[in-house]
Structures are given as C-alpha cells and as structure tokens.
1. Can you name the residue in the stretch 1-10 that is modelled with pLDDT of 95 or more and in a loop (DSSP other than H, G, I, E, B) and is also surrounded by the fewest Cβ atoms within 10 Å (Cβ to Cβ) among such residues?
2. Which residue is surrounded by the fewest Cβ atoms within 10 Å (Cβ to Cβ), if the candidates are limited to the stretch 19-36 and must be at pLDDT 95 or above and closer than 18 Å to Pro91 by Cα?
3. Determine, yes or no, whether Thr53 is out of contact with any Asp or Glu (no Cβ under 8 Å at 6 or more places or on another chain), hydroxyl-bearing (Ser, Thr, Tyr) and assigned to a loop (DSSP other than H, G, I, E, B).
4. Which one is modelled with the lowest pLDDT, of the residues in the stretch 61-91 that are touching a helix residue (DSSP H, G or I) at 6+ places or on another chain (Cβ under 6 Å) and not hydrophobic (A, V, I, L, M, F, W, C)?
5. Take Leu95 and tell me if it is under 15 Å from Arg7 (Cβ atoms) and part of a helix (DSSP H, G or I).
6. Can you pull out the residues in the stretch 29-62 that are within 24 Å of Asp16 (Cα to Cα) and more than 15 Å from the chain's Cα centre (by Cα)?
7. Note down all Cβ pairs under 9 Å where the first residue falls in the stretch 1-18 and is within 13 Å of Val92 (Cβ to Cβ), the second is of a type in the set (Phe, Trp, Tyr) and at pLDDT 95 or above, and they're at least six residues apart or on different chains.
8. State the number of residues belonging to the stretch 41-50 that are part of a helix (DSSP H, G or I) and either free of Cβ contacts under 8 Å to residues at least 40 places away in the same chain or exposed (fewer than 13 other Cβ atoms within 10 Å of the Cβ) (or both).
Amino acid sequence: MAQVRVRRIYEPPTPDDGRRILVDRLWPRGVSKARADLDAWVKDVAPSTELRTWFGHDPAKWDEFARRYRHELTEHPEAVQELVDAAGTGPVTLLYAARDEQHNEALVLQKLLEEKRTEAAKKAVHGGR
C-alpha cells in the first residue's frame, strides 16, 4: 500500500498528492470543483452528522470521537475498501475541510488504512492466516 497523506482541501494540489480523495460528507465552503482537483469524493466514510455535531472539534472529545467514528466505519466496509484499494495503487491524499489539523476524521482514516496495510502484510507473510 502506498503512502497515505492528509491535507486540508484549501491547500493547493501538489504533484505528489497522488489520488486526491475528499472524505467529508459536505462539500467544503468556497472551494470550486476545479480548484478541488478531486479524483473521488467518498461521502460514506465521513462521520455521521450526529457524530460530527457531538464532537464539534472539541479536542477533549477526540479519543471518544475516534472510537465512535471507527465504529461507524464498520457499517461502511465497501467505502473503506475503496480507500484501501486506492492506496494500493499509489499515493493517496485524504482531503478534509476542518480547521483543526490535529483533530479531524482524515487522521482517523489515515491510521485505519495504515492498520489495514499492516494486517495485509502479515497475512501475506503467513500465507493468508
């Protein structure tokens, strides 16, 4: 699996972004489709409106948000697999709109994809076990 980066969608695209995938449920304010330069918009991996509202980007709720969000992701395995597959073909940049660069769903997704890469590597070494 290739490198998975995380960036705000408001930053200009760079040549090393690889596939640019928006992981927010809502389209980011003030960003045109041309400026976004997306390869995909995977809404089904975004946190639910209820979870997003509860979290409110409060750093004190970060650990619980990440736990609840990972649970929500288990309900959308096909959308998560879409990200896994994309990362298996080259660099991927997960894009998000939140102002907080330390507490956002893209970071949770990045960690999850890294875990899936590790799991896949272990299975390959142990013959699928």
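1. Filtering the stretch 1-10 for residues that are modelled with pLDDT of 95 or more and in a loop (DSSP other than H, G, I, E, B), the one surrounded by the fewest Cβ atoms within 10 Å (Cβ to Cβ) comes out as Tyr10.
2. So the residue we want is Arg19.
3. In short, no.
4. Filtering first and then ranking leaves His76.
5. Answer is no for this residue.
6. Correct list: Gly30, Val31, Ser32, Lys33, Ala34, Arg35, Ala36, Asp37.
7. If the second residue must be of a type in the set (Phe, Trp, Tyr) and at pLDDT 95 or above, the pairs left are Val6/Tyr96; Arg7/Tyr96.
8. Summing the residues that are part of a helix (DSSP H, G or I) and either free of Cβ contacts under 8 Å to residues at least 40 places away in the same chain or exposed (fewer than 13 other Cβ atoms within 10 Å of the Cβ) (or both) in the stretch 41-50 gives 4.
The values are calculated or read from the model by the stated rules, or taken from the named source; none is laboratory data. Given the structure is predicted, the values throughout are model-derived calculations rather than measurements. Ideal geometry is used to build each Cβ from the backbone, glycine not excepted, and the neighbour counts take in all protein chains shown.
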